[in-house]
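Q: Let me begin by handing over the structure; questions about it come next.
Every number in this text was worked out from the coordinates using simple rules, so none of it is lab data. Predicted model, so just to flag it, every value in this text is computed and none were measured. FYI the Cβ positions are ideal-geometry reconstructions off the backbone, even for glycines, and counts take in every protein chain you see.
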Amino acid sequence: MRTFRPPNAAGGTSSPSRRTWKRPSSWNRTPVTADMVLAPRVRHQPPSGCKVGTRALRPDETEDVMDYEQQDFASPTESREFPHGRLDLLRVAGADIGRLTLQPGWRWSDDVRPIAGTDLCEAPHFQYHVSGTLRVRTADGTEFDAVPGQVTALPSGHDAWVVGDDPVVVVDWWGASDYARGD
């Protein structure tokens, strides 16, 4: 039998190097103790109108396991309207998730600044961009476009506006609960 080697291979025989696998340091966790397992859990109460379901318990679970929650933006927990835009807010598992729909012509400094009473938007955001193009300018002057399919993490201190003729729709996991609230 003949062994074929690439033209630049060194002569002689050698075995391929072997790599040893080391388990990640994250595997070195504190063992679970009885007091951790038996500690009472707080049961979350979903808001009224929220679809709630149950599932079968595993043998190691108690009845204090949280049920699932399911809500739809078609019937939001709260809605806020402002010039050229609307916020639909859902409260799920103790968290607020917002859907912002911003029409062409919307600009934060024109349409929301009078409600917020600040020079720039002071709410940080963590958003998934569903449709439209949103141009953002941060306090330091950095400017960029956010387009469908992108996720943005915006710091406090920014202005934003709709670019083009398509409405902008974003889902915001962080910053929506106080957005456009006139207190």
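Q: Which ³J(HN,Hα) values, rounded to whole Hz and listed in residue order, are derived for region 131-143 from phi using the Karplus coefficients 6.51, -1.76 and 1.60 in 6.51 cos²θ - 1.76 cosθ + 1.60 with θ = phi - 60°, glycine and proline given as x?
A: 8, x, 10, 10, 8, 10, 10, 7, 4, 7, x, 5, 10
Q: Further question: Applying the Karplus parametrisation 6.51 cos²θ - 1.76 cosθ + 1.60 with θ = phi - 60° to the phi angles of region 92-99, what ³J(HN,Hα) value in whole Hz is obtained for each residue in order, glycine and proline being reported as x?
A: Once θ is set to phi - 60°, the couplings for region 92-99 become 10, 6, x, 10, 9, 10, x, 10 Hz.
Q: Mind sorting ILE115, ILE97 by how few other Cβ atoms lie within 10 Å of their own Cβ, fewest first?
A: Result, fewest neighbours first: ILE115, ILE97.
Q: Quick one: what are the phi-derived ³J(HN,Hα) couplings along region 74-90, Karplus 6.51/-1.76/1.60 with θ = phi - 60°, whole Hz, x for glycine and proline?
A: Each residue's phi maps through the Karplus curve to give 5, 9, x, 5, 8, 10, 10, 10, 8, x, 6, x, 8, 10, 10, 10, 10 Hz.
Q: In nm, what is the difference between 0.36 nm times the number of residues separating ASP140 and SER75 and their Cα-Cα distance?
A: Values: separation 65, 0.36 × 65 = 23.40 nm, distance 3.81 nm.
This chain segment gains 19.6 nm when fully extended.
Q: What order do you get for LEU100, LEU90 when you list them from fewest to most C-beta neighbours inside 10 Å?
A: LEU90, LEU100
Q: Hey, can you grab everything whose amide H is under 5 Å from the amide H of GLU78? Only 5+ residues off in sequence or another chain; H modelled, so Pro and N-termini drop out.
A: Here the answer is LEU89, since their amide H atoms fall under 5 Å of that of GLU78.
Q: Enumerate the amide H contacts of PHE73 below 5 Å, restricted to partners 5 or more residues apart or on another chain; note that Pro and chain-start residues carry no placed amide H.
A: none
Q: For TYR128, TYR179, TYR68, which order do you get if you count the other beta carbons within 10 Å of each Cβ and list the fewest first?
A: Ascending Cβ contact count within 10 Å gives the list TYR68, TYR128, TYR179.
Q: At a temperature of 20 °C and a viscosity of 1.002 mPa s, determine how fast region 78-174 diffuses translationally according to Stokes-Einstein, using the Kirkwood radius over alpha-carbon pairs as Rh; express D in µm²/s, rounded to the nearest whole number.
A: For these conditions, the coefficient is 160 µm²/s.
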